[in-house]
Structure formats: structure tokens, C-alpha cells
Amino acid sequence: MIYNLKNMSKNKQIKQKKAPAKIINYLEKIGISHEILEHKTVYTAIDVANTLKKKLNQIVKSLVVKADHDYYLVLLPADKNLDEEKLKKIIGKQKGKEIKTVKIPGEKIMQNALKIKQGALSAFGKAHKLPVIIDKELEKVKKAVFSTGGLNHSVEMRVRDFIASEEAILGNLGIRKKIKSQKKTPPKRKRVIPKIGVKKNIKTKANKKIVKKPVKKNIKKKK
């Protein structure tokens, strides 16, 4: 799920009491076992993971991608980013021709192309009349959490059931996110160099000045 946080923060978000009817009807129609999860308002896949206390690789993020002139719904685990070069090869192999450009369209372009409202993109390609491409690594997870296109509801289901019902194309199309560790920089130490020719009089026990008193000599006067 990708949302424009700037625009959404301006408008007060009312919690949705029900999951989007379009997705509920779609799931009932295909007859797949699933569970609707209700939660607080979330905007990103990471928000979903934190809210539902799930691992990032159990949360599926949805991306609309335009390859040349065609649109695809690409699904990745939340802990991976899209590798566009890998995606080019997967789509090219499926279509039997070289794909020249792959890009993620802007939000307004996507809304117009799919005829959906802001933030209404779900993980179910058939509901949006889009072919689905899913990262192979999600097969390792028995169950995953998918987007319903709502801010307060997600759907949990078996990954293999999802792949079968969506007739999804499988491929290795993600790269692991790099988490930058903050390096602790030691505090800078100023080196004080004393000026040449300037002596500081520091009184210590070790360097006290020893003042020699003059010695009186006994001079014998001649008689």
C-alpha cells in the first residue's frame, strides 16, 4: 500500500467500520478461506506490521507498475524493495518480448487508470482487472496479510490460495531493504598547542622556585 501522507493528513480520517464491499464480495465469490482483520488507521505496510504484531515478511505490499504500455499489480513482502531490472525480465519472458521501461506511475495517474479512489488499491488484481506478479519469497510464508484497499481492514489468508485464485506470476523480483545503522562518532578533541615564547607560571609543589639566601663570609680583620 502506498498513500500520499501529505494529502491525507490534511483531511480528517474517519475510521471505516466495514472493509471495502468490493473486496468482501470478491472474496465471497471466489470462495477462499480468509479472515478480515480490523485495526487502527494505517497508511503503510510497516504500520500494518506494527499494529498487528506481525513480521515484515508476513505483510504484503501492493505496487502498481507500468511496463511499457501495460499495467501490473506487483506484490512484495514488506521487507523488500522492487528490483525493476528483474521485473523487466519476468514480464519480458511472460510476454515473449523485451520490456524497455518499467516505472511506478504517480498516484493520480494510477487512480485514473484503475478508476479507484485515493488509497483504495487492494492486493487483488482480478478485482482491479490487473495481472498479478508476486515475489517468490512469499511462498515461504504459510499465511500473509494482504491489503483490502481500506485503511482499517486487512485480510489474512494462505499464500498458496491467493496465488491460485489470482493466477499470479511468480518470480524473484525483490531486493532486501538496506537498513542503515547510525554510526556513533566520537567527540572531537581539541589539541591545545602552547604558544612558543610564552611561559606560564604554574605553582606546584614540584616546581617551586628555590631562592638561595646570600651567605655571609666571616672576614678576619688584620690587627
Q | Distance between modelled label sites at Glu107 and Glu38, nm, 7 Å Cα→Cβ extension | A | 2.7 nm
Q) Which stretch or stretches of the range 59-81 have amide N atoms under 14 Å from the point lying 7 Å from Lys95's Cα along the Cα→Cβ direction? A) 65-73
Q. Any idea how far apart Lys55 and Asp161 come out in nm if each label point goes 7 Å out from Cα toward Cβ?
A. 2.1 nm
Q: Please give the contour-minus-distance gain from Asp70 to Gln118: 0.36 nm per residue of separation, less the Cα-Cα distance, rounded to one decimal in nm.
A: 15.2 nm
Q) Near Lys103, within a Cβ-to-Cβ distance under 14 Å, what is the net charge of the other residues, with Lys and Arg +1 and Asp and Glu -1? A) -3
Q: Sum up the charges of everything whose Cβ sits under 11 Å from the Cβ of Asp68, counting Lys and Arg as +1 and Asp and Glu as -1, but leave Asp68 out.
A: +4
(Q) Show log10 I(q)/I(0) for the range 19-176 at q = 0.14, 0.21 Å⁻¹, two decimals, from a solvent-free Debye sum over equal Cα scatterers. (A) -0.66, -1.54
**Q.** Residues Asn25 and Lys86, FRET efficiency given R0 of 35 Å [Cβ-Cβ distance, rounded to 0.05]
**A.** 0.55
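Every number in this text was worked out from the coordinates using simple rules, so none of it is lab data. Remember, predicted model here, so these are calculated numbers, not experimental data. Ideal geometry is used to build each Cβ from the backbone, glycine not excepted, and the neighbour counts take in all protein chains shown.
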